[in-house]
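One structure below.
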Amino acid sequence: MELQLNDHYEFEVIDICSNTNGYDYLLVLGPDDKTYKVYNIIKCQYTSMPATIYGIVTGRNTNGALRIKQDECRVLQEHYDLGHYYTFKISDKRKDNNDKTYYVLEDDFSYQRWYSDEDFEIGDDVILLAKSINNNGYFYYERHKLPVSVLSPETKSEQRVESVSVNGPLFEGGDEGQNVEYKTSIVFTPKHEVDIDVQMFNIVRELAAFMNAEGGTLYIGIHDKTRQIIGIENDLPHLCEGESAYAASYTADYDHYQLKIRDTIVSLCSTVAGSLIKISFPQQEGVTYCKIDVTPAKRPIWTKGNMLFQRQGNQAQMLRGEAITQFVGERIGNYIVAMAGGTRGQEVSNEEMTSLIRSAVKTAINDRRLEVAAPVTQTVNEPKYWIVWYNDGTWSREKAKVEADIVFRQLPVSEDAADVVIVFCHKSGTVNLVRLSKFKEKTRLGDIKKNGFNVNEPPAEIFICHPSCLLAVHSADQGGTEYIKLHHLTDFNPTTSGRNQGSYIIPKGKGHVLEFKLIMPENAVRLNKLIASKRETSQTFGLDWNNVTIQSEISLLGTI
C-alpha cells in the first residue's frame, strides 16, 4: 500500500537513533513495509520504547522521501484523562513564534507547554485540570485553586478520585534539588493508579540519575509538594503485585519492601547499581518512611541497557545523542590515562587524547549491555504456562506440557515481563526476535493461534529469555571452515510475528549454522573475544574455530 498525505497510520518502532548533528529520531517501519525517520518525537518518559507509534504523513522532503510526524494528540490522550487533576513542575519559561510567553510543564511522563497570565518561578509546582486537547497536541488546562490536598490512590478497576487531607507530620528536610528527591509511593503513580511496575521504574530512574551525578538521597512516603510524611504503610499490601514472575514471593513487611527495591534496581540496571544504595526506614512522630542514600558511580549506570539518566537540578534527565558520548567520556578519564600508559599530570597530545577518548567511549558504550543484569535469580517451582508450537506452524499457551506427536517444540515460561523475548534461530543463518508480550497479545490459554513460526524454514532452536542474554553462533562456510561469534540480542530488531525470516547473522547464502547456544550476561566478560559488534551481524562469519587465540574461550563455551 502507498501512504497518503495527511492520513494517519500506525508505525512499528525499530530503534531510537541520533544523526550526525545530534538530533534524535525514531526509526520506524510503516504499513507499506518501508522504513522512515520520525524526527519530531514527543518528549515522553516511556518506561520502555513503545512498540508502535501513530503518525501523520505531512509532506515530502527535498529528496522526495515522506515526512512522518508523530501524532502528539493520540499519545497524550492515551496517558491523560480529561477532567482529572495532574501535578506539574514548571521547568522553563519561553516565548513562542508570536512572542507570547508560555511555561514548560513537566511530570513523570512528558514535557508540555502552558499559557498563563500568572507569574510563576522555575521550579514551582502547579496542580492543573486537563480540560481539552487541541489538534497540535497541547492540553488546555485550568488552574486548581482549592487548598492543596492529596488525591487518594485510584485503582484501575475503580475509576474514582477522592480528596483526603494529609494529616501526617511535616518533614524536617529541605526542598528537592540536586541531591534530594521525594516520592510519595512505590505503588501509586502520579495518576493515582495502582501500578507498581510503572512507579518502580520511576524510582529506579531517579536512583540511577543520582548515581550518574553526585549521589543523593531519595525519600519515599513524603509528599513532594506539601513535605508532609504520608508513610509507606499503604504500599506494603501491593508488594506482591506486578508483572514479575517472582512478585508473589514478596510479603507486606519492611524487609520485603527493601528487597523489592533492590531486586528491581538490579534487574533494570545492574548488580553494581544495587551495591550503591543504602536503605533505611526512619520514623517521625510514629510515621515510617523510606530513605535511600545513593553513592555516585565511577562508571555509567545504564537503565534497561539503553537509557542513561543523570540528575540535573531537581530532576532526572535522560541523556541522548552527543550528551551520552560527552558523559561517558568524562566518566572514563582514569581509564583514558591508563590507556596512555601514564599518570595524571603526564602530558598527552591533543591528537592522542582525541583518539583515546573516541576509543574508550566506543568501548564503554558497546560494553554497556554487560551491566544489564539477568532476571533476578530466585527459585520458581512451576512455570506460569507453556508455549507449544505445532508441526503446522500454529501455537498455543497451555497450563501443562503437551504430550503429542503433533508438537514441534514447547518451552516453559517462568517470567512474563514485558521485555522477555522469543528467539527463533534458523540453520540458514537468520534470527527472528519477537517480544513475548506481542506474541501472546489477546490470547487465552488453550486457544490455537496462527503464525507460530516460519513453516518454510522451521527453527533449529527456539529460546525464551531476557534480552540481556547473548547468542553464540557456531557456523561453517561452503568450504567447511568453521567459525564462532557471539551476538547481543539487543543487536536484533524485534519483529511482530514468528513467521518472519528475521536478520541474517552470517553472510547470506555462503554458509550455514552448526549450533546455537544461549549465553547468560554474567558469562559475557569471560567470552569477550568472541563478541561481535553490531555492524558484524550479517557481514562476517566471525572468528576461525581453529584460531589458537580463542581456544580457551571455545573450551569455556562448551562448559556453560
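Residue separation times 0.36 nm, minus the C-alpha to C-alpha distance between ARG113 and ASP175: what's the value? Before the final figure, lay out the partial values.
Values: separation 62, 0.36 × 62 = 22.32 nm, distance 2.40 nm.
Computed gain between ARG113 and ASP175 is 19.9 nm.
Once the piece of chain linking ASN19 and GLU233 is laid out straight, how much longer is it, given 0.36 nm per residue of separation minus the C-alpha distance between them? Working shown, then result.
Values: separation 214, 0.36 × 214 = 77.04 nm, distance 4.74 nm.
Gain on stretching ASN19 to GLU233: 72.3 nm.
Using only the Cα atoms, what convex hull volume per residue in Å³ does segment 487-560 have? Kindly include the intermediate steps, with their values, before the conclusion.
Numbers: hull volume 8.6 nm³, N = 74.
Looking at segment 487-560, the number lands at 116 Å³ per residue.
Using amide H atoms built 1.01 Å from N in the peptide plane, name the residues 5+ places from ILE230, or on other chains, whose amide H lies under 5 Å from its own.
Amide H to amide H, under 5 Å and 5 or more residues apart or across chains, ILE230 pairs with ILE222, HIS223.
What whole number of Å gives the distance from the Cα centroid of segment 388-457 to the Cα centroid of segment 493-560?
Between the Cα centre of segment 493-560 and that of segment 388-457, the gap is 23 Å.
Per residue and in Å³, how big is the convex hull formed by the alpha-carbon atoms of segment 251-298? Provide the component values of the computation, followed by the final result.
On the way: hull volume 3.3 nm³, N = 48.
Once divided by residue count, the hull of segment 251-298 is 69 Å³.
What list of ³J(HN,Hα) couplings, whole Hz, do you get for segment 459-473 from phi and the Karplus terms 6.51, -1.76, 1.60, once you set θ to phi - 60° and write x for glycine and proline?
Karplus values, whole Hz, x for Gly and Pro: x, 7, 9, 10, 10, 10, 7, 7, x, 7, 6, 10, 10, 8, 10.
For CYS269, enumerate residues with amide H under 5 Å from its amide H, sequence gap 5+ or separate chain, H modeled in the peptide plane.
Hits under the 5 Å cutoff: LYS304, ALA373.
Under the Karplus relation 6.51 cos²θ - 1.76 cosθ + 1.60, θ = phi - 60°, what is the ordered set of whole-Hz ³J(HN,Hα) values for segment 303-317, x standing for Gly and Pro?
My calculation for segment 303-317 gives 10, 6, x, 9, 10, 10, 9, 9, 6, 9, x, 10, 8, 8, 9 Hz in order.
Taking the Cβ of GLN501 as the center, what net charge do the other residues with Cβ under 11 Å away carry, scoring Lys and Arg +1 and Asp and Glu -1?
Working: positive: ARG499, LYS508; negative: GLU457.
Residues near GLN501 contribute +1 overall.
What residues have an amide H closer than 5 Å to that of TYR140, excluding those fewer than 5 places away on the same chain, when H is modeled at 1.01 Å from N in the peptide plane?
LYS131, SER132, ILE133, ASN134
What are the ³J(HN,Hα) couplings of segment 493-508, residue after residue, when phi is run through the Karplus curve with 6.51, -1.76, 1.60 and θ = phi - 60°? Round to Hz, x for glycine and proline.
For segment 493-508, the Karplus curve yields 7, x, 10, 9, 8, x, 7, 5, 6, x, 9, 6, 10, 9, x, 4 Hz.
Please compute the Cα-Cα pair-distance distribution of segment 184-328 with 10 Å bins starting at 0, giving whole percents from short to long.
So the P(r) values, bin by bin, are 11, 42, 35, 11, 1.
Stick to Cα atoms and the Kirkwood definition of Rh, then tell me Rg/Rh for segment 431-560. Show your work: numbers first, answer last.
Values: Rg = 15.8 Å, Rh = 15.9 Å.
With Rg and the Kirkwood Rh in hand, the quotient comes to 1.00.
With +1 on each Lys and Arg Cβ and -1 on each Asp and Glu Cβ, how big is the dipole of segment 388-444 about its Cα centre, in debye rounded to the nearest 20?
Working: 10 positive and 8 negative charges, 29 e Å.
In total the dipole reaches around 140 debye.
Laboratory data are not the source of any read-out in this text; all were calculated from the coordinates shown. Here the structure is a predicted model, which means the values were calculated and not measured. Note: ideal-geometry Cβ built from the backbone for every residue, glycine included; neighbour counts use all protein chains shown.
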